[in-house]
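Just below is one structure, and these are the notes that go with it.
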Amino acid sequence: MKVDYEKIGLKVGLEIHQQLDTSTKLFCQCKPELFKEEAEITFLRRLRPTQSELGQIDPAAYFEFQKGVKTLYEANRANSCLVEMDEEPPHSLNTEAIETALTVAVMIKAKPVDEIHVMRKTVIDGSNTTGFQRTCVVALDGEVIVGEKTVPIQHVSLEEDAARKMGRGRNATHYRLDRLGIPLIEVATAPSIRSPNEAEEVALAIGRILRATGKVKRGLGTIRQDLNISIPDGALIEIKGVQELELLSRVVNYEIQRQLELIKISNELKAMEVKEENINKEFIDVTDVFKQTKCKILRKTLDNNQQILAVKLPKFKGFLKRELMPSFRLGTEMADRACFWGRVDGIFHTDELPSYGITKEEVRNLRKTVEAEGQDVVVLVADKPENTKDALEAVVERACEAIRGVPEETRAARPDGTTRYMRPRPGAARMYPETDIPPVQITRENIERISSQLPELPEEKLESLMEEYKLNQKLAMHVLDSKYSQLFETIVRKGRTSSTTVAVFLTETLKALKREGVQVDKVSESQIQQVFSKIDAGELTKEALGDVTIWLSRHESQSVQEAIKDLGLEGISENELRKFVEKVIEDNKSLIRERGGNSFGILMGIIMKKMRGRVDAALVSKTLKEKLEGFA
Ligand SMILES: [Zn+2]
């Protein structure tokens, strides 16, 4: 879709949250790492907001609280202690994290505060055992330069990361405490970004500065980008949790598409004189209509003695199937709301019926029962009676909003760049001072020392990648922007593989594999390092890099050695190679006599077909040459 971003008045602000690679967490001595094993400790909690907080709490979280949703926490001893469990007050602020935040602040010309005050931000969704998240501003008013443009930075802050959500059951949400308390640096720009591409460029520039400190964690989930996107005729939408830089421009694009389409829908509804007061919260039990149904989902509801409830949306025919983003319609938007507020699994609506085993006849009866006219849409949900009503109320609410335009809300980013409803937009940040942690003074000496030891700036780093490792500019740029840039230096410094080979693999090859659907993030940095040390040891050839990576991504927690064995890549000795070459020569005697020197290429091909990945091509060539000379 072609959009004139300036004309529609697009404004985008970015918040980048990056985990820091400190030796301990932000407020205790625990290791800031995630665990994969079974939890050693589990405990159930139910958060109770205090009376004074009620008015300021995120309505969605309060709704869950009212419904009696509990939180099940999972923990192990290495990565959490009494602090994460809220059984012990937090310790003082991690100085390593402060230093890194100050380094970033100086690099982007932000002004450090005189004193760091830790604040509490109310969060009662269970992601924090305390019912709040601790956060503190470290510096204000910086800038990043992107091309010709200077983008203002509002603040640089430190935060504790939240507990890790593992899933949502009907009665309890599961969280792991390992991530809780990992230091996050937050860099927030002013809403002065004007196009999807610019959002990506600004994020890239900030990411380069963060990585330049050498103190940030790498890998999926260690960086999360939040966006606020607005257009004057639409609404201010917050989008949380974009994990990949490459997705940012797509996320912005889809959001613009969604808002423009919602504005169009609103105008059309208004032109048809559809009014909010005409949409009644009149819910009709239509269970009997589907008594004989062949639809599996509805059948299950009936067998469980649950209810099918319906509501009529006057003159909405056709609107629920309008696409807002790829495979995402206004109907999907209503379904998301119904699932969220009613805890149902989904909705059915007549814009997509008959389908799912629901017949024409049933649709006709349904319409008759709720007295729907030709231009009306009927929405139905099937679940327990206490859920169906909440679900349909949410659907009606969303329909009313469709008449008004774009509803303000917080949305969650998905891996394909589309977004889904997360919760209504909370009011202004609710902050209280954290009285358990003394303020930290930032002295002039502090700042002077940090300023005198600044890491290489990204542009300097680029120069040194080109000089020190003899990379061309394009490749050096790729390495600079890669999450593997540190790994690149480690591998090249330790090993013997050429820096270009390592760089091409870590950037271009891995990216290409990812595009093909290989889950390269499942291969750890230490595994990649091992692969290269096998190459250095002559136990593997660089031709096998791709195959080994694919294998490792599919066999989690298995070793590189096992990959080599399973792929039949176990190297062969020089002696074995010599024998094999002799045999190939023997088998192709007549060809060699006929073509003489010209047979070399054909023979190389035959040998490499069998030996690729197991032996270095240069060695094969040398051996073959020697043997051919002997033959002559
Ligand atoms: Zn701890």
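The values are calculated or read from the model by the stated rules, or taken from the named source; none is laboratory data. None of the values given here were measured: they were computed from a predicted structure. Note that we place each Cβ from the backbone using ideal geometry, even for glycine, and neighbour counts take in every protein chain shown.
Of the conditions (1) in contact with a Lys or Arg (Cβ under 8 Å, 6 or more places away or on another chain); (2) crowded, with 16+ Cβ neighbours inside 10 Å; (3) within 15 Å of Thr501 (Cα to Cα), Asp536 fails just one. Which one is it?
All conditions are met except number (2).
For the subset of region 87-102 comprising residues that are more than 10 Å from the ligand (Cβ to nearest atom) and part of a loop (DSSP other than H, G, I, E, B), which member is surrounded by the fewest Cβ atoms within 10 Å (Cβ to Cβ)?
Our first condition is that a residue be more than 10 Å from the ligand (Cβ to nearest atom); within region 87-102, this holds for 87, 89, 92-102.
Retained after the next criterion (residues that are part of a loop (DSSP other than H, G, I, E, B)): 87, 89, 92-94.
Details: Glu87: 9, Pro89: 13, Ser92: 12, Leu93: 21, Asn94: 23.
The selected residue is Glu87.
Please count how many residues of region 170-192 are more than 16 Å from the ligand (Cβ to nearest atom) and closer than 30 Å to Asp383 by Cα. Reasoning before the result, please.
Here is the first cut: in region 170-192, the residues more than 16 Å from the ligand (Cβ to nearest atom) are 170-174, 185-192.
When the remaining residues are screened for being closer than 30 Å to Asp383 by Cα, the result is 170-174.
The number of residues fulfilling the criteria is 5.
Kindly list, by first and then second residue, each pair from a residue in region 72-87 that is under 16 Å from Asp161 (Cβ atoms) to a residue that is in a loop (DSSP other than H, G, I, E, B) and among the aromatic types (Phe, Trp, Tyr), limited to pairs with Cβ atoms under 7 Å and residues at least 6 apart or on different chains.
Asn79/Phe35; Val83/Phe27
Report yes if some residue within region 7-22 is within 16 Å of the ligand (Cβ to nearest atom), within 24 Å of the chain's Cα centre (by Cα), surrounded by 11 or more Cβ atoms within 10 Å (Cβ to Cβ) and over 17 Å from Arg164 (Cβ atoms); otherwise report no.
Taking region 7-22 first, the residues within 16 Å of the ligand (Cβ to nearest atom) are 19-20, 22.
Applying the additional criterion that residues be within 24 Å of the chain's Cα centre (by Cα) yields 19-20, 22.
Of the ones still in play, those that are also surrounded by 11 or more Cβ atoms within 10 Å (Cβ to Cβ) are 19-20, 22.
Narrowing the set further to residues that are over 17 Å from Arg164 (Cβ atoms) leaves 22.
Within region 7-22, one or more residues are within 16 Å of the ligand (Cβ to nearest atom), within 24 Å of the chain's Cα centre (by Cα), surrounded by 11 or more Cβ atoms within 10 Å (Cβ to Cβ) and over 17 Å from Arg164 (Cβ atoms).
So which residues in region 558-599 are assigned to a loop (DSSP other than H, G, I, E, B) and either among the polar types (S, T, N, Q) or touching a helix residue (DSSP H, G or I) at 6+ places or on another chain (Cβ under 9 Å) (or both)? Talk me through it step by step, then tell me what you get.
Narrowing region 558-599 to residues assigned to a loop (DSSP other than H, G, I, E, B): 558-559, 567-573, 588.
Answer for region 558-599, where residues must be assigned to a loop (DSSP other than H, G, I, E, B) and either among the polar types (S, T, N, Q) or touching a helix residue (DSSP H, G or I) at 6+ places or on another chain (Cβ under 9 Å) (or both): Gln558, Ser559, Leu567, Leu569, Glu570, Gly571, Ile572, Ser573, Asn588.
What pairs can you find where one residue is in region 429-455 and in contact (Cβ under 8 Å) with a residue 12 or more places away in the chain and closer than 16 Å to His117 by Cα, the other is small (Gly, Ala, Ser) and not in a loop (DSSP other than H, G, I, E, B), and their Cβ atoms are less than 9 Å apart, with a gap of 6+ or different chains?
The qualifying pairs are Ile442/Ala139.
Of the residues Glu401, Glu386, Glu397, which is exposed (fewer than 14 other Cβ atoms within 10 Å of the Cβ) and outside any loop (DSSP other than H, G, I, E, B)? Steps first, answer last, please.
Values: Glu401 fails: exposed (fewer than 14 other Cβ atoms within 10 Å of the Cβ); Glu397 fails: exposed (fewer than 14 other Cβ atoms within 10 Å of the Cβ).
Just one listed residue meets the conditions, Glu386.
Test Gly219 against the stated conditions and say whether it is within 30 Å of Leu465 (Cβ to Cβ), more than 16 Å from the ligand (Cβ to nearest atom) and surrounded by fewer than 20 Cβ atoms within 10 Å (Cβ to Cβ). Break it down stepwise before answering.
Values: within 30 Å of Leu465 (Cβ to Cβ): yes; more than 16 Å from the ligand (Cβ to nearest atom): yes; surrounded by fewer than 20 Cβ atoms within 10 Å (Cβ to Cβ): yes.
The answer is yes for Gly219.
When you check Met107 against the structure, is it within 16 Å of the ligand (Cβ to nearest atom), modelled with pLDDT of 85 or more, of a type outside the set (Asp, Glu) and at negative phi, yes or no?
no
Take region 421-447 and flag every residue that is surrounded by 17 or more Cβ atoms within 10 Å (Cβ to Cβ), modelled with pLDDT of 85 or more and closer than 23 Å to Ile124 by Cα.
Tyr421, Met422, Glu434, Ile437
Name the pairs whose Cβ atoms lie under 9 Å apart, with the first residue in region 164-180 and within 16 Å of Gly342 (Cα to Cα), the second among the aromatic types (Phe, Trp, Tyr), and 6 or more positions between them or separate chains?
Close Cβ pairs satisfying both conditions: none exist.
Testing Glu543 on (1) closer than 24 Å to Met611 by Cα; (2) touching a helix residue (DSSP H, G or I) at 6+ places or on another chain (Cβ under 7 Å); (3) in contact (Cβ under 8 Å) with a residue 40 or more places away in the chain, one condition comes back false. Which one is that?
Looking at each condition in turn, Glu543 falls short on (2).
Could you check Ser553 against (1) assigned to a loop (DSSP other than H, G, I, E, B); (2) farther than 18 Å from Arg612 by Cβ; (3) small (Gly, Ala, Ser) and say which number it fails?
Among (1) assigned to a loop (DSSP other than H, G, I, E, B); (2) farther than 18 Å from Arg612 by Cβ; (3) small (Gly, Ala, Ser), Ser553 violates only (1).
Could you list all residues from region 314-366 that are out of contact with any Asp or Glu (no Cβ under 8 Å at 6 or more places or on another chain), in a loop (DSSP other than H, G, I, E, B) and surrounded by 21 or more Cβ atoms within 10 Å (Cβ to Cβ)?
Answer for region 314-366, where residues must be out of contact with any Asp or Glu (no Cβ under 8 Å at 6 or more places or on another chain), in a loop (DSSP other than H, G, I, E, B) and surrounded by 21 or more Cβ atoms within 10 Å (Cβ to Cβ): Ile347, Ile358.
A quick yes/no check of all residues on (1) surrounded by 18 or more Cβ atoms within 10 Å (Cβ to Cβ); (2) within 15 Å of Ile223 (Cβ to Cβ):
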{"position": "Thr173", "(1), (2)": "yes, no"}
{"position": "Arg179", "(1), (2)": "yes, yes"}
{"position": "Ile185", "(1), (2)": "yes, yes"}
{"position": "Arg194", "(1), (2)": "no, no"}
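Taking the conditions exactly as written (outside any loop (DSSP other than H, G, I, E, B), at pLDDT 90 or above and not hydroxyl-bearing (Ser, Thr, Tyr)), does Glu84 satisfy them or not? If you could, list the steps in order and put the result at the bottom.
Details: outside any loop (DSSP other than H, G, I, E, B): no; at pLDDT 90 or above: yes; not hydroxyl-bearing (Ser, Thr, Tyr): yes.
Here the answer is no, as Glu84 does not meet what is asked.
For the list (1) at pLDDT below 90; (2) farther than 29 Å from Arg425 by Cα, I need the number of the one condition that Trp341 fails.
Status for Trp341: all satisfied but (2).
Please go through region 148-195 and give me each residue that is among the basic types (Lys, Arg) and either under 16 Å from Lys121 (Cβ atoms) or not in a loop (DSSP other than H, G, I, E, B) (or both), ordered by number. Break it down stepwise before answering.
Residues of region 148-195 among the basic types (Lys, Arg): 149, 164-165, 168, 170, 176, 179, 194.
Passing the criteria: Lys149, Arg164, Lys165, Arg168, Arg176.
Condition (residue is among the hydroxyl-bearing types (Ser, Thr, Tyr), under 14 Å from Leu10 (Cβ atoms) and in a helix (DSSP H, G or I)) applied to region 229-250: is it met by at least one residue? Before you say what the answer is, go through the steps one by one.
Narrowing region 229-250 to residues among the hydroxyl-bearing types (Ser, Thr, Tyr): 230, 249.
After this cut, where a residue has to be under 14 Å from Leu10 (Cβ atoms) as well, the list is 230, 249.
Then keep just the ones that are in a helix (DSSP H, G or I); that gives 249.
Yes, region 229-250 contains at least one residue that is among the hydroxyl-bearing types (Ser, Thr, Tyr), under 14 Å from Leu10 (Cβ atoms) and in a helix (DSSP H, G or I).
What's the number of the only condition in (1) hydrophobic (A, V, I, L, M, F, W, C); (2) within 24 Å of the chain's Cα centre (by Cα); (3) modelled with pLDDT of 90 or more that Ile491 fails to meet?
(2)
Are there any pairs with C-beta distances below 7 angstrom linking a residue in region 27-46 that is without any contact (Cβ under 8 Å) to a residue 60 or more places away in the chain to a residue that is more than 12 Å from the ligand (Cβ to nearest atom), with the two at least 6 apart or on different chains, and if so which?
Thr42/Leu72; Thr42/Tyr73; Thr42/Glu74; Phe43/Tyr73; Arg46/Lys70
Going through Ile153, Ile237, Ile223, Ile185 one at a time, which residue ends up being over 22 Å from the mean Cα position of the chain (by Cα) and aliphatic (A, V, I, L, M)? Before you say what the answer is, go through the steps one by one.
Values: Ile237 fails: over 22 Å from the mean Cα position of the chain (by Cα); Ile223 fails: over 22 Å from the mean Cα position of the chain (by Cα); Ile185 fails: over 22 Å from the mean Cα position of the chain (by Cα).
When all the criteria are applied, what remains is Ile153.
In region 277-309, how many residues are without any contact (Cβ under 8 Å) to a residue 12 or more places away in the chain and either in a strand (DSSP E or B) or among the hydrophobic types (A, V, I, L, M, F, W, C) (or both)?
The qualifying residues number 0.
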